[in-house]
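The values are calculated or read from the model by the stated rules, or taken from the named source; none is laboratory data. This is a predicted model, so every value here is computed, not measured. Here the Cβ positions follow ideal geometry from the backbone for every residue, glycine too, while neighbour counts run over all protein chains shown. When the accessible area is computed, the model is the full protein with side chains, heavy atoms only, and any ligands, DNA or RNA have been set aside. Shrake-Rupley method; radii C 1.70, N 1.55, O 1.52, S 1.80 Å.
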Amino acid sequence: MDSEAALLLETVNFAAEKHRNQRRKDPEGTPYINHPIGVARILSYEGGVTDIEVLQAALLHDTVEDTDTTSEELEAKFGPIVTHIVQEVTDDKRLPKQERKRLQVEHAPHCSQQAKLVKLADKLYNLRDLNACVPVGWSAERVQEYFVWAAEVVKGLKGTNLALEEKLEKLFKQRGLQL
Ligand SMILES: Nc1nc2c(ncn2[C@@H]2O[C@H](COP(=O)(O)OP(=O)(O)O)[C@@H](OP(=O)(O)OP(=O)(O)O)[C@H]2O)c(=O)[nH]1
Ligand SMILES: [Mn+2]
(Lines give C-alpha, C1' and ligand atoms only; values in the text may rest on other atoms or scores of the structure.)
(Ligands and ions follow the chains in the order given, each with its own letter.)
Protein backbone atom coordinates (compact mmCIF):
# COMPACT_ATOMS: atom_id res chain seq x y z
CA MET A 1 0.00 0.00 0.00
CA ASP A 2 1.32 3.47 -0.71
CA SER A 3 2.28 5.70 2.16
CA GLU A 4 -0.37 8.34 1.39
CA ALA A 5 -3.15 5.76 1.69
CA ALA A 6 -1.72 4.65 5.04
CA LEU A 7 -1.54 8.27 6.20
CA LEU A 8 -5.16 8.89 5.25
CA LEU A 9 -6.23 5.78 7.20
CA GLU A 10 -4.24 6.97 10.23
CA THR A 11 -5.95 10.36 9.94
CA VAL A 12 -9.51 9.08 9.50
CA ASN A 13 -9.00 6.70 12.43
CA PHE A 14 -7.83 9.58 14.65
CA ALA A 15 -10.86 11.69 13.65
CA ALA A 16 -13.25 8.76 14.22
CA GLU A 17 -11.90 8.22 17.75
CA LYS A 18 -12.19 11.92 18.56
CA HIS A 19 -15.75 12.25 17.23
CA ARG A 20 -16.88 8.81 18.49
CA ASN A 21 -19.48 10.15 20.94
CA GLN A 22 -20.88 12.86 18.66
CA ARG A 23 -23.91 12.77 16.43
CA ARG A 24 -25.15 15.13 13.70
CA LYS A 25 -28.19 17.29 14.46
CA ASP A 26 -30.48 15.41 12.06
CA PRO A 27 -33.44 13.47 13.51
CA GLU A 28 -31.67 10.13 12.93
CA GLY A 29 -28.56 11.25 14.81
CA THR A 30 -26.13 10.27 12.08
CA PRO A 31 -22.59 9.64 13.43
CA TYR A 32 -20.66 12.96 13.29
CA ILE A 33 -17.68 11.34 11.54
CA ASN A 34 -19.81 10.97 8.38
CA HIS A 35 -19.38 14.75 7.95
CA PRO A 36 -15.55 15.05 7.93
CA ILE A 37 -15.29 11.93 5.75
CA GLY A 38 -17.85 13.42 3.37
CA VAL A 39 -15.98 16.74 3.24
CA ALA A 40 -12.71 14.97 2.34
CA ARG A 41 -14.56 12.91 -0.25
CA ILE A 42 -16.06 16.04 -1.86
CA LEU A 43 -12.55 17.48 -2.20
CA SER A 44 -11.14 14.33 -3.74
CA TYR A 45 -14.00 13.02 -5.85
CA GLU A 46 -15.74 16.24 -6.88
CA GLY A 47 -12.99 18.84 -6.54
CA GLY A 48 -10.16 16.76 -8.00
CA VAL A 49 -7.95 17.67 -5.04
CA THR A 50 -4.93 15.39 -4.55
CA ASP A 51 -2.99 17.47 -1.97
CA ILE A 52 -2.73 14.97 0.89
CA GLU A 53 -2.44 17.71 3.53
CA VAL A 54 -5.72 19.26 2.39
CA LEU A 55 -7.46 15.85 2.50
CA GLN A 56 -6.04 15.21 5.99
CA ALA A 57 -7.10 18.67 7.18
CA ALA A 58 -10.60 17.98 5.85
CA LEU A 59 -10.79 14.77 7.91
CA LEU A 60 -9.57 16.67 10.99
CA HIS A 61 -11.31 20.00 10.38
CA ASP A 62 -13.82 19.85 13.26
CA THR A 63 -11.62 18.04 15.84
CA VAL A 64 -10.23 21.15 17.56
CA GLU A 65 -13.52 23.07 17.35
CA ASP A 66 -15.79 20.28 18.57
CA THR A 67 -13.70 17.77 20.60
CA ASP A 68 -10.96 17.82 23.27
CA THR A 69 -8.26 17.74 20.55
CA THR A 70 -5.55 20.43 20.86
CA SER A 71 -3.40 21.98 18.14
CA GLU A 72 -0.33 20.59 19.92
CA GLU A 73 -1.73 17.08 19.63
CA LEU A 74 -2.37 17.54 15.89
CA GLU A 75 1.07 19.05 15.37
CA ALA A 76 2.81 16.12 17.09
CA LYS A 77 0.85 13.56 15.08
CA PHE A 78 0.31 15.20 11.69
CA GLY A 79 2.83 18.05 11.47
CA PRO A 80 2.64 21.84 11.12
CA ILE A 81 1.04 22.17 7.66
CA VAL A 82 -2.04 20.05 8.39
CA THR A 83 -2.34 21.67 11.82
CA HIS A 84 -2.20 25.17 10.38
CA ILE A 85 -4.99 24.42 7.88
CA VAL A 86 -7.18 23.04 10.69
CA GLN A 87 -6.49 26.15 12.81
CA GLU A 88 -7.53 28.38 9.92
CA VAL A 89 -10.94 26.67 9.69
CA THR A 90 -11.52 26.46 13.45
CA ASP A 91 -14.06 28.85 15.04
CA ASP A 92 -13.33 30.14 18.54
CA LYS A 93 -16.27 28.61 20.43
CA ARG A 94 -15.67 31.00 23.37
CA LEU A 95 -17.03 33.85 21.24
CA PRO A 96 -20.75 34.53 20.91
CA LYS A 97 -22.28 32.78 17.91
CA GLN A 98 -23.07 36.00 15.98
CA GLU A 99 -19.45 37.13 16.34
CA ARG A 100 -18.14 33.73 15.19
CA LYS A 101 -20.34 33.89 12.10
CA ARG A 102 -19.24 37.45 11.33
CA LEU A 103 -15.56 36.51 11.68
CA GLN A 104 -15.95 33.66 9.15
CA VAL A 105 -17.20 36.15 6.55
CA GLU A 106 -14.38 38.57 7.42
CA HIS A 107 -11.56 35.98 7.46
CA ALA A 108 -12.53 33.85 4.43
CA PRO A 109 -10.73 35.98 1.78
CA HIS A 110 -7.51 35.97 3.84
CA CYS A 111 -7.26 32.20 4.34
CA SER A 112 -4.62 30.08 2.57
CA GLN A 113 -5.69 28.29 -0.65
CA GLN A 114 -5.58 25.00 1.29
CA ALA A 115 -7.93 26.30 3.99
CA LYS A 116 -10.22 27.83 1.35
CA LEU A 117 -10.61 24.39 -0.24
CA VAL A 118 -11.64 22.84 3.09
CA LYS A 119 -14.08 25.69 3.74
CA LEU A 120 -15.71 25.32 0.30
CA ALA A 121 -16.21 21.57 0.79
CA ASP A 122 -17.47 22.04 4.37
CA LYS A 123 -20.12 24.53 3.21
CA LEU A 124 -21.10 22.35 0.23
CA TYR A 125 -21.58 19.33 2.54
CA ASN A 126 -23.58 21.28 5.12
CA LEU A 127 -25.85 22.95 2.55
CA ARG A 128 -26.61 19.61 0.88
CA ASP A 129 -27.28 18.20 4.32
CA LEU A 130 -29.77 21.02 5.01
CA ASN A 131 -31.56 20.25 1.73
CA ALA A 132 -31.72 16.55 2.67
CA CYS A 133 -33.01 16.99 6.24
CA VAL A 134 -33.56 19.84 8.66
CA PRO A 135 -31.62 19.70 11.97
CA VAL A 136 -33.76 19.13 15.07
CA GLY A 137 -35.25 22.43 16.26
CA TRP A 138 -34.41 24.45 13.13
CA SER A 139 -37.21 26.45 11.44
CA ALA A 140 -37.36 26.99 7.66
CA GLU A 141 -36.24 30.59 8.37
CA ARG A 142 -33.15 29.40 10.21
CA VAL A 143 -32.26 27.11 7.30
CA GLN A 144 -32.62 30.03 4.85
CA GLU A 145 -30.51 32.28 7.13
CA TYR A 146 -27.75 29.64 7.06
CA PHE A 147 -27.82 29.72 3.23
CA VAL A 148 -27.66 33.55 3.25
CA TRP A 149 -24.67 33.54 5.63
CA ALA A 150 -22.93 30.69 3.79
CA ALA A 151 -23.21 32.65 0.51
CA GLU A 152 -21.41 35.57 2.18
CA VAL A 153 -18.60 33.27 3.31
CA VAL A 154 -18.34 31.55 -0.09
CA LYS A 155 -18.10 34.96 -1.84
CA GLY A 156 -14.79 35.38 -0.04
CA LEU A 157 -13.55 31.99 -1.26
CA LYS A 158 -14.04 32.59 -5.00
CA GLY A 159 -11.31 31.62 -7.43
CA THR A 160 -10.25 28.56 -5.44
CA ASN A 161 -11.91 25.54 -7.11
CA LEU A 162 -14.29 26.03 -10.03
CA ALA A 163 -16.08 22.66 -9.77
CA LEU A 164 -16.98 23.17 -6.10
CA GLU A 165 -17.89 26.83 -6.61
CA GLU A 166 -20.27 25.94 -9.48
CA LYS A 167 -22.04 23.36 -7.32
CA LEU A 168 -22.37 25.87 -4.49
CA GLU A 169 -23.65 28.52 -6.87
CA LYS A 170 -26.45 26.19 -8.04
CA LEU A 171 -27.54 25.56 -4.43
CA PHE A 172 -27.60 29.29 -3.72
CA LYS A 173 -29.59 30.00 -6.92
CA GLN A 174 -32.24 27.49 -5.82
CA ARG A 175 -32.65 29.62 -2.69
CA GLY A 176 -32.85 32.87 -4.66
CA LEU A 177 -29.32 33.89 -3.70
CA GLN A 178 -26.40 34.99 -5.86
CA LEU A 179 -22.68 34.85 -5.28
N1 LIG B 1 -26.55 21.09 8.01
C2 LIG B 1 -26.29 20.38 9.12
N3 LIG B 1 -25.28 20.80 9.94
C4 LIG B 1 -25.03 20.08 11.06
C5 LIG B 1 -25.77 18.92 11.37
N6 LIG B 1 -25.27 18.41 12.52
C7 LIG B 1 -24.26 19.19 12.90
N8 LIG B 1 -24.10 20.21 12.03
C9 LIG B 1 -23.07 21.26 12.14
O10 LIG B 1 -23.70 22.42 12.61
C11 LIG B 1 -22.98 23.58 12.16
C12 LIG B 1 -23.98 24.60 11.65
O13 LIG B 1 -24.86 24.90 12.68
P14 LIG B 1 -24.89 26.35 13.34
O15 LIG B 1 -25.96 26.36 14.38
O16 LIG B 1 -24.98 27.38 12.24
O17 LIG B 1 -23.45 26.53 13.99
P18 LIG B 1 -22.79 26.06 15.36
O19 LIG B 1 -23.00 24.58 15.46
O20 LIG B 1 -21.34 26.43 15.13
O21 LIG B 1 -23.42 26.84 16.46
C22 LIG B 1 -22.00 23.13 11.09
O23 LIG B 1 -20.70 23.26 11.68
P24 LIG B 1 -19.35 23.34 10.87
O25 LIG B 1 -19.19 22.09 10.04
O26 LIG B 1 -18.29 23.68 11.85
O27 LIG B 1 -19.50 24.49 9.81
P28 LIG B 1 -19.96 26.04 9.91
O29 LIG B 1 -21.41 26.07 9.56
O30 LIG B 1 -19.69 26.50 11.31
O31 LIG B 1 -19.10 26.70 8.89
C32 LIG B 1 -22.42 21.66 10.84
O33 LIG B 1 -21.36 20.78 10.51
C34 LIG B 1 -26.84 18.52 10.50
O35 LIG B 1 -27.54 17.55 10.71
N36 LIG B 1 -27.04 19.28 9.38
MN1 LIG C 1 -17.54 21.05 9.36
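Side notes on the structure shown:
- Checklist (1) hydroxyl-bearing (Ser, Thr, Tyr); (2) farther than 17 Å from Lys18 by Cα; (3) within 12 Å of ligand 1 (Cβ to nearest atom) applied to Ser44, failing item: (3)
- Matching residues in segment 108-154 - criterion: being over 22 Å from Tyr45 (Cβ atoms) and of a type in the set (Val, Ile, Thr): Val134, Val136, Val143, Val148, Val153
- Test: residue in segment 64-80 that is surrounded by 21 or more Cβ atoms within 10 Å (Cβ to Cβ) and closer than 24 Å to Glu169 by Cα: no
- Note on segment 81-100: among residues that are farther than 20 Å from Ile37 by Cα and open to solvent by 50 Å² or more (accessible area, probe 1.4 Å), the one that is nearest to ligand 2 (Cβ to nearest atom) is Lys93.
- Subset of segment 17-33 that is within 16 Å of Lys77 (Cβ to Cβ) and either within 16 Å of ligand 1 (Cβ to nearest atom) or in a loop (DSSP other than H, G, I, E, B) (or both) - its residue that is most open to solvent (accessible area, probe 1.4 Å): Lys18
- Answer residue from segment 136-162, given it is open to solvent by 50 Å² or more (accessible area, probe 1.4 Å) and among the hydrophobic types (A, V, I, L, M, F, W, C) and is nearest to Gln113 (Cα to Cα) among those: Leu162
- Residue match in segment 55-68 (condition: in a loop (DSSP other than H, G, I, E, B) and either among the β-branched types (Val, Ile, Thr) or more than 12 Å from ligand 2 (Cβ to nearest atom) (or both)): yes
- Taking the numbered list (1) outside any helix (DSSP H, G or I); (2) open to solvent by less than 40 Å² (accessible area, probe 1.4 Å) in turn, Glu165 passes all entries but (1).
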